[in-house]
Amino acid sequence: MVEITDDEAALYDRQIRLWGVDAQRSLRAANVFVKRCGPLGAEVCKNIVLSGVNSLTILDTRIVEEKHSATNFLIRTNTGKSFAETCVPNLQILNPLVKVDYVTEDLTEDTIKQYSVVCITDGSKTEYEETNKLCRIHGAMFLATNTWGMTGFMFQDCGEKYKYIAEKPKIARGKASEKQDTKRRKVEEDNSEYEERVAHFTQYSNVAPLSSLKFSSPAVLITHGILNEVADLGEHCKTMCQKIGGKEVPEELIRNVSGELVPICAIVGGIVSQEIIKIVSKKDDPIVNSLYFDGLSGAGIIENFRCCEFKK
């Protein structure tokens, strides 16, 4: 069991009060790998470092240009160096108690064993499938995330049977106050506030087809089209809407799928890093198994594309 030092207890005091010392110990033992540190990856990395994990390792060999500083707060004036090389020192300043480093080679059967969580940002469908498979083999939790203009996406796989602790629903009973026409609710807490639960995840390569949708967020159809590299995104969305009986995808969303919008990256990156904190600490319900964000309406939709073996 990793012990929390006095310095860590002082630095993470608010977090410990929020989710408890056991959760902070779990975070303190976690080693996180993030591939690509663009505007989306920067948001994820920043939040993970501030949370107090043991280590964060970044892979991003792309070369920094002056234009990148406009959308990435971890990149300032450095040009000619790799993204990872430039971002690591600025991340380390945020929390000296976390080991922040970078690598120049992708994950292998040997190197993946040292990581608790692997997060791939701005990747392709093939990359997600291959990395997810590698994570399943070696017991690492996997997250995939992208943004395309006003559309955001996240998928995670924590294993076939992921056990975690969640707060029991509390029973609220009405209690009249002394003041007339005023009612207040008093919550009676159970002695055992938490219970163990199990969440079933599936690999990215085994997700069910779009026909299994419960909701029809435009972001789902856009994400599906882009990751499957359809020739005509607009036609794809129109066809799928007809097949599943969903709402028509706004033209504005389809037109604006280029570039990385900082506000969208901040929202999606915040959700992704929050999920990493949850699945590492094993506290609270995780997202099972994907989230789609529509920046036009501001709605985030959770979809469970569980594979056939979990369907009854």
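The values are calculated or read from the model by the stated rules, or taken from the named source; none is laboratory data. Only a predicted model underlies this, so the values are computations on that prediction, with no experimental measurement involved. A quick note on method: Cβ atoms are made from the backbone with ideal geometry, for glycine too, and the neighbour counts reach across all protein chains shown.
Scan the stretch 93-111 residue by residue and report those that are without any contact (Cβ under 8 Å) to a residue 40 or more places away in the chain and either under 28 Å from ASN289 (Cα atoms) or of a type in the set (S, T, N, Q) (or both). If you could, list the steps in order and put the result at the bottom.
Kept after step one, since they are without any contact (Cβ under 8 Å) to a residue 40 or more places away in the chain, are these residues of the stretch 93-111: 93, 96, 108-111.
THR108, GLU109, ASP110, THR111 - these are the residues of the stretch 93-111 that are without any contact (Cβ under 8 Å) to a residue 40 or more places away in the chain and either under 28 Å from ASN289 (Cα atoms) or of a type in the set (S, T, N, Q) (or both).
May I ask you to say which residue of ILE264, ILE302 is modelled with pLDDT of 85 or more and either in a loop (DSSP other than H, G, I, E, B) or buried (at least 18 other Cβ atoms within 10 Å of the Cβ) (or both)?
From the options ILE264, ILE302, the qualifying one is ILE264.
Here are some residues: ASN72, ASN31, ASN90. Which one is in contact (Cβ under 8 Å) with a residue 24 or more places away in the chain and out of contact with any Phe, Trp or Tyr (no Cβ under 6 Å at 6 or more places or on another chain)?
Answer to the selection: ASN72.
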**OP:** Among residues belonging to the stretch 16-59 that are among the β-branched types (Val, Ile, Thr) and assigned to a helix (DSSP H, G or I), point out the one that is farthest from ILE267 (Cα to Cα).
**Re:** VAL21
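Among the residues of the stretch 111-133, which ones are over 20 Å from VAL268 (Cβ atoms) and surrounded by 18 or more Cβ atoms within 10 Å (Cβ to Cβ)? Please lay out each step first, then the result.
At the first step, the residues of the stretch 111-133 found to be over 20 Å from VAL268 (Cβ atoms) are 111-116, 126, 129-130, 133.
Passing the criteria: ILE112, TYR115, SER116.
Among residues belonging to the stretch 199-235 that are over 22 Å from the mean Cα position of the chain (by Cα) and at pLDDT below 90, point out the one that is surrounded by the fewest Cβ atoms within 10 Å (Cβ to Cβ).
Step one: of the stretch 199-235, the residues over 22 Å from the mean Cα position of the chain (by Cα) are 211-212, 229-235.
Retained after the next criterion (residues that are at pLDDT below 90): 211-212.
Values: SER211: 8, SER212: 15.
Looking at residues that are over 22 Å from the mean Cα position of the chain (by Cα) and at pLDDT below 90, I get SER211.
Each row is one residue, and each column tells you yes or no for (1) out of contact with any strand residue (DSSP E or B) (no Cβ under 9 Å at 6 or more places or on another chain); (2) part of a loop (DSSP other than H, G, I, E, B).
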site	(1), (2)
LYS67	yes, no
GLN92	no, no
PRO96	yes, yes
CYS135	no, no
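Looking at this structure, is GLU85 assigned to a helix (DSSP H, G or I), acidic (Asp, Glu) and buried (at least 23 other Cβ atoms within 10 Å of the Cβ)?
Values: assigned to a helix (DSSP H, G or I): yes; acidic (Asp, Glu): yes; buried (at least 23 other Cβ atoms within 10 Å of the Cβ): no.
Judged against the criteria, GLU85 is not a match.
Which ones in the stretch 95-104 are surrounded by fewer than 18 Cβ atoms within 10 Å (Cβ to Cβ) and modelled with pLDDT of 95 or more? Don't jump to the end; show me each part of the working.
So in the stretch 95-104, the residues surrounded by fewer than 18 Cβ atoms within 10 Å (Cβ to Cβ) come out as 96-97, 99, 101, 103-104.
Selection gives LYS99, ASP101, VAL103, THR104.
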Subject >> Selected residue (only one of ILE287, ILE277 is part of a loop (DSSP other than H, G, I, E, B), modelled with pLDDT of 90 or more, within 14 Å of the chain's Cα centre (by Cα) and crowded, with 21+ Cβ neighbours inside 10 Å) >> reply: ILE287
